[in-house]
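The values are calculated or read from the model by the stated rules, or taken from the named source; none is laboratory data. No experiment lies behind these values; they were computed from the predicted model shown. Here the Cβ positions follow ideal geometry from the backbone for every residue, glycine too, while neighbour counts run over all protein chains shown. Remember, those area values only see protein heavy atoms, side chains included, never the ligands or the DNA or RNA. Shrake-Rupley method; radii C 1.70, N 1.55, O 1.52, S 1.80 Å.
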Amino acid sequence: MEKILDQGKKVYGIGIENGYAIGTDLSLVQRYYDLGARYITLTHSGHNDIGDSSTPRGGDAEEWGGLSPFGEEVVREMNRLGIMVDLSHVSDNTARDVFALTRAPVIASHSGARALADSPRNLSDELLQLLKENGGVIQIVALGGYLMDDPPQKSEALSALREEMGLTTREARRSMTEEQMAEYRSRVEEIDAQWPGPDVSTFVDHIDYVVNLIGIDHVGIGTDFDGGGGIPGFNDASEAPNVTEELVRRGYSDQEIKQIWGENLLRVWREVEAVAAEIQAG
């Protein structure tokens, strides 16, 4: 990746968001590695055969109480191959089990600090401290609901809108017509204007929080632009300089900004590969 970047080109890493793609076939971890995958998010919005999610479908109770026995095998195999374990979307107990088991540092590819936004998708101070001990990195997500808690009035207005438009279920939202979608977005914008959501400053507040709690070596940026992410001032890659400008305004050095924008993640990637080499060497 560094060689490609030095040539002035762009480069993308390959990852898998949801270990559901593995099913119960451990050999697929090797298969995905051979195809280029270098991180796997263990769960997504729902439990799977690897472990419990932070946001189970339908509010289901925990299925495994953390990692499943098969999930433990998956983590060991990821360590052996050199695939980064991603804790975004996993439950607190699943994260604790990973920290207790993994021999390599891990990432939370797109999460926030729960102390600033009380979402189960975010990492608590306890988990952030475990991440520091592990040597891992949390990449702050640019998605409003994980950066700021909505005031009750806004939540009530959004709920009333969904009730009025018959959009109270996932299936109803998926089957919206273009006209319904346009109306819904327009009215959501009106609600957002009344109760403004997070912006670049709020985003960097999460970076500040992590830096102050566990240090500059353990924070990065994870946009989630193709998964609902995007906030005013940082809606796509073209607006990335706005984040850098805010970091400069707050006194971060050039080296610290480089760490936040990718060097911390590359450091974890190297260490994951080093652990894999040790394991394979016996």
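When you check ASP226 against the structure, is it open to solvent by 20 Å² or more (accessible area, probe 1.4 Å), more than 27 Å from GLU271 (Cα to Cα) and touching a residue at least 12 places away in the same chain (Cβ under 8 Å), yes or no?
no
For region 1-12, name all the residues that are open to solvent by 50 Å² or more (accessible area, probe 1.4 Å) and either closer than 18 Å to ASP34 by Cα or hydrophobic (A, V, I, L, M, F, W, C) (or both). Explain how you work it out, then say what you get.
So in region 1-12, the residues open to solvent by 50 Å² or more (accessible area, probe 1.4 Å) come out as 1-10, 12.
Within region 1-12, MET1, ILE4, LEU5, TYR12 meet the criteria.
Which of the residues belonging to region 94-114 are more than 16 Å from the chain's Cα centre (by Cα) and either open to solvent by 10 Å² or more (accessible area, probe 1.4 Å) or on the phi > 0 side of the Ramachandran plot (or both)?
Listed by number, the residues that qualify are ARG96, ASP97, PHE99, ALA100, LEU101, THR102, ARG103.
May I ask you to list the residues in region 29-52 that are closer than 30 Å to VAL11 by Cα and in contact with a Ser or Thr (Cβ under 8 Å, 6 or more places away or on another chain)?
Those that are closer than 30 Å to VAL11 by Cα and in contact with a Ser or Thr (Cβ under 8 Å, 6 or more places away or on another chain): TYR39, THR41, LEU42, THR43, HIS44, SER45, ILE50.
Can you report the number of residues in region 52-89 which are surrounded by 19 or more Cβ atoms within 10 Å (Cβ to Cβ), on the phi > 0 side of the Ramachandran plot and small (Gly, Ala, Ser)?
2
Take GLY19 and tell me if it is modelled with pLDDT of 95 or more, closer than 15 Å to ALA95 by Cβ and surrounded by fewer than 17 Cβ atoms within 10 Å (Cβ to Cβ).
In short, no.
Residues being over 18 Å from GLY15 (Cβ atoms) and more than 13 Å from the chain's Cα centre (by Cα): count how many of those fall in region 82-93.
Residues meeting the conditions: 2.
Considering (1) under 19 Å from GLY13 (Cα atoms); (2) in contact with a helix residue (DSSP H, G or I) (Cβ under 8 Å, 6 or more places away or on another chain); (3) exposed (fewer than 14 other Cβ atoms within 10 Å of the Cβ); (4) not basic (Lys, Arg), say which one ILE260 fails and leave the rest.
For ILE260, the failing item is (3).
So the check is Cβ under 8 Å with 6+ separation or different chains; which pairs have a first residue in region 184-208 that's at negative phi and a second one that's exposed (fewer than 15 other Cβ atoms within 10 Å of the Cβ) and not in a helix (DSSP H, G or I)?
Listed pairs, sorted by first residue: TRP195/PRO151; VAL204/ARG250; ASP208/ARG250.
Could you tell me how many of the residues in region 233-250 are farther than 13 Å from ASP199 by Cα and open to solvent by less than 60 Å² (accessible area, probe 1.4 Å)?
Residues that pass the stated criteria total 2.
With VAL272, VAL211 as the choices, which residue is without any contact (Cβ under 8 Å) to a residue 60 or more places away in the chain and open to solvent by less than 70 Å² (accessible area, probe 1.4 Å)?
None of the other options fit; the residue is VAL211.
Taking helices (runs of 4 or more DSSP H) that fall entirely within region 115-234, which contain at least 2 residues that are over 19 Å from the mean Cα position of the chain (by Cα) and of a type in the set (A, V, I, L, M, F, W, C)? Walk me through it before giving the result.
Working: elements: 125-134, 152-164, 170-174, 178-194, 200-214.
Passing ranges, in order: 152-164, 178-194.
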